[in-house]
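Here's the structure, in structure tokens; my notes come after.
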Amino acid sequence: MVPRALVFLALLGLACGGTGSRAETAPNAAPSLRPCPERGVAVRVLGSGGPIVDDGRASSGYLLLVDGEPRLLVDAGGGVALRMAQAGVAPRALGGVLLSHVHVDHTADFVALLKSASFSSRADALPVVGPSGDDPFPALGPFLEAQLGEAGAWRYLGGYLREEGQPFRLRLDEVDVAGEGRELEGAGLRVEAVGVPHGPVPALGFVVHAADARVAFAGDQRLDDPRFLARARGADLLVAHHAIPEAAEGVGARLHARPSQIGAFARDAEVGELVLSHHMQRSLARLDEARALIAHRYDGPVHVAEDLDCYGVAAR
Ligand SMILES: [Zn+2]
């Protein structure tokens, strides 16, 4: 019998990564800032990588912009705070934050961004949406309590969580990953949040309705749950995570979608365009194979994200 703690350590270590293939691909060490369209809805990629930093990519993070204004941040992995600055976006400008799950490559820069944003007061609390929890992955509230609460490591920032009248505070909204999903509205946007299969990790996928466009952020997941398919159906843009090669087995395959699954999902959901992100060396090493597997199933445009890319979203 393998001790439970060792199972957890294995899951935590391999969750979005693991060592796997060490095939070398060119690092994305000096990304160039691609301009976003001035009008309409756009997705700025802040981090196109996973948990291993050897590819020079920031971990997971995306901005959704409307008419050039940053409205939502989706995930905040390591490096995302710096990429946001390189994109010319101040954290205080965010209208809300969506955290798909609490893996470190999706949350490590979150408090750093809060601290930066807190240097400017805002009239309303910053909305933050995240998943319900399960041991060893706490729900959004306990996750932030462990950092900012009375016994938290950064308890000097505890005012963010609880003090009415503070110049900077958060409004947390947990979504039960076991339910049918929730619809949240604010600042002219509508967000659908629904649980998605990411192994044992409570995780959410999001569909954002902005102006006439719909953008689906799959997050880390296997893309085999009908709840997310129903929500994402007809999206103008799908951001999917290309974390494993087709031949992946074991933990990686329990947590992520293979390229063939991404292609089948994009086809079944009838999305307008597909962005592949959350790359890792092991998946980039088989990128041509992944492209072919996807193209065999999905005939729409497929983009391979780099840090600081920007994709205008054409509403259909
Ligand atoms: Zn993950």
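The values are calculated or read from the model by the stated rules, or taken from the named source; none is laboratory data. Keep in mind the model is a prediction, meaning the values are calculated, not measured. So basically every Cβ, Gly included, is an ideal-geometry build from the backbone, and we count neighbours across all protein chains shown. Each accessible area value is taken on the protein alone, full model and side chains, heavy atoms only, with ligands, DNA and RNA left out. Shrake-Rupley method; radii C 1.70, N 1.55, O 1.52, S 1.80 Å.
Of all residues in the stretch 254-307, those satisfying the criterion of being in contact with a Lys or Arg (Cβ under 6 Å, 6 or more places away or on another chain) and of a type in the set (A, V, I, L, M) are Ala257, Ala264, Ala269. Against the test of being closer than 29 Å to Ala146 by Cα, of a type in the set (A, V, I, L, M), at pLDDT 95 or above and within 16 Å of the ligand (Cβ to nearest atom), the options Leu99, Leu82 yield a single qualifying residue, Leu99. The residue that is farthest from the chain's Cα centre (by Cα), counting only those in the stretch 267-302 that are part of a loop (DSSP other than H, G, I, E, B), surrounded by 19 or more Cβ atoms within 10 Å (Cβ to Cβ) and among the aliphatic types (A, V, I, L, M), is Val271. List, please: which pairs have Cβ atoms under 6 Å, are six or more places apart or on different chains, and start with a residue in the stretch 245-270 that is closer than 17 Å to Pro197 by Cα and β-branched (Val, Ile, Thr) and end with one that is in a helix (DSSP H, G or I) and open to solvent by 10 Å² or more (accessible area, probe 1.4 Å)? From the stretch 245-270, the pairs are Val251/Leu14. Taking the stated definitions as given, is Glu150 open to solvent by 10 Å² or more (accessible area, probe 1.4 Å), of a type in the set (D, E, K, R), farther than 29 Å from Glu38 by Cβ and in a loop (DSSP other than H, G, I, E, B)? Spelling it out, Glu150 is indeed open to solvent by 10 Å² or more (accessible area, probe 1.4 Å), of a type in the set (D, E, K, R), farther than 29 Å from Glu38 by Cβ and in a loop (DSSP other than H, G, I, E, B). In the condition set (1) in contact with an Asp or Glu (Cβ under 8 Å, 6 or more places away or on another chain); (2) away from the ligand (no atom under 16 Å from the Cβ); (3) closer than 22 Å to Leu46 by Cα, Leu274 is compliant with all but (1).
Quick one: would you say Leu204 is free of Cβ contacts under 8 Å to residues at least 60 places away in the same chain, of a type in the set (A, V, I, L, M) and within 16 Å of the ligand (Cβ to nearest atom)? When the stated conditions are applied, Leu204 does not pass them.
If a residue must be under 17 Å from Ala139 (Cα atoms) and either among the β-branched types (Val, Ile, Thr) or modelled with pLDDT under 95 (or both), how many such residues does the stretch 179-211 contain? Total satisfying the criteria: 3. Filtering Leu140, Leu184 for residues that are within 16 Å of the ligand (Cβ to nearest atom) and in contact with a strand residue (DSSP E or B) (Cβ under 6 Å, 6 or more places away or on another chain) leaves a single hit, Leu140.
Against the numbered list (1) of a type in the set (D, E, K, R); (2) within 19 Å of Gly141 (Cβ to Cβ); (3) touching a helix residue (DSSP H, G or I) at 6+ places or on another chain (Cβ under 6 Å), Asp176 comes up short only at (3).
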